[in-house]
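The values are calculated or read from the model by the stated rules, or taken from the named source; none is laboratory data. Given the structure is predicted, the values throughout are model-derived calculations rather than measurements. Positions of Cβ are generated from backbone atoms using ideal geometry, with glycine treated the same way; all protein chains shown enter the neighbour counts. Side chains are part of the model used for accessible areas, which takes the heavy atoms of the whole protein and leaves out ligands, DNA and RNA. Shrake-Rupley method; radii C 1.70, N 1.55, O 1.52, S 1.80 Å.
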Amino acid sequence: VAGQLKTFYMRRILRIFPMYYILIGITYLFTPSTRPGLWWNLTYTSNFYLIDKGDWAGPMSHYWSLAVEEQFYLIWPLLLFLIPHRYLKQVLWGSILCGLGSRAVMQLMGASYLSVYILTPACWDLFAVGGLLAYMQLYEGEKLQIWLNQRAIFLGALALCIFTMTGHLYLPESLDFMHQLFPKFFFAWFVFWLLGRASEGFQGGGGKFLQHPWMVYLGRISYSLYLFHNFMDGFFLGVTFPEDPFWRFFMYFAGAVIVSTAAYYLVERPFQRLKKYFPYRD
């Protein structure tokens, strides 16, 4: 067990830490406005910093999701080893209900929008849905195929995600709780279907789109894209973007791809090659 945990954590460290901490160092030196959140970002607790601040905090605000991910990694692998295997599926379903329930309880208690959105318990169902997909791929392949063939249900989940996400624009205030409670939940189930189908190879137009070399390449550099994209708007690079929305998006996207490409080849890939020293063993 100790060896498996070490392998898991070392592979996650090699994937996530190097580029992240290099970027933290760069922003500390060149963007003073990010310095108040330095300790929170260094310790992957920036979601608590944002809640304490009561608002988003500039171009590093999106790192709250990475903080939640790292907090999840501290807890979930240990639970997997401590929970008897025969109860694992029940724990996964229970975790899904706990995530949804925690958002409901926090909302009833009058918690802030940020708290309901970015506290780790409020995101627990998203991770558990992913865990359920992995469990079914390993142990319930035939049942998973039946699920994945129900395309209309999962596309319906995407439609419900959009409906509940935008519902505050046209629903009465009495139903505004849907805006915080359900969008992530429904989106998680759509992603469950999308990843499940993609792992087997999509067919038709969707498969061709996902397998296009550009899409594959964007997936390869996606972590650096995540880290850098919020800096593109003239804050980090000092570039003035045009006001036209189309050209603004094009330059924003192109800048993010260029910077992320450099980050991938100079930092990410050399560290990822070290994963060969930490192979998974049965």
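A few comments on the model shown:
- For the stretch 80-110, a residue qualifies if it is under 15 Å from Leu181 (Cβ atoms) and open to solvent by less than 40 Å² (accessible area, probe 1.4 Å), and the qualifying residues are Ile96, Gly99, Leu100, Gly101, Ser102, Arg103, Ala104, Met106.
- Scanning the stretch 108-148 for residues that are outside any helix (DSSP H, G or I) and free of Cβ contacts under 8 Å to residues at least 60 places away in the same chain turns up Met109, Gly110, Ala111, Glu140.
- Taking the stretch 183-232 as the range and being crowded, with 19+ Cβ neighbours inside 10 Å and assigned to a loop (DSSP other than H, G, I, E, B) as the test, the residues that pass are Ile221, Met232.
- Hits in the stretch 18-47 (condition: touching a residue at least 40 places away in the same chain (Cβ under 8 Å) and either within 18 Å of the chain's Cα centre (by Cα) or under 29 Å from Phe81 (Cα atoms) (or both)): Pro18, Met19, Tyr20, Asn47
- Test result for Lys143, within 30 Å of Leu50 (Cβ to Cβ) and among the basic types (Lys, Arg): no
- Scope the stretch 260-282; condition in a helix (DSSP H, G or I), more than 13 Å from Tyr223 (Cβ to Cβ) and either open to solvent by less than 50 Å² (accessible area, probe 1.4 Å) or aliphatic (A, V, I, L, M) (or both); matching residues: Ala262, Leu266, Leu274, Lys275
- Selected residue [at pLDDT 95 or above and of a type outside the set (A, V, I, L, M)] from Thr7, Thr27, Thr34, Thr45: Thr45
- Counting the residues of the stretch 46-75 that are surrounded by fewer than 16 Cβ atoms within 10 Å (Cβ to Cβ), assigned to a helix (DSSP H, G or I) and among the hydrophobic types (A, V, I, L, M, F, W, C) gives 2.
- First in the stretch 259-282 and under 18 Å from Thr7 (Cα atoms), second anywhere and loosely packed, with under 12 Cβ neighbours inside 10 Å and not basic (Lys, Arg), Cβ under 8 Å, 6 or more apart: Arg281/Gly3
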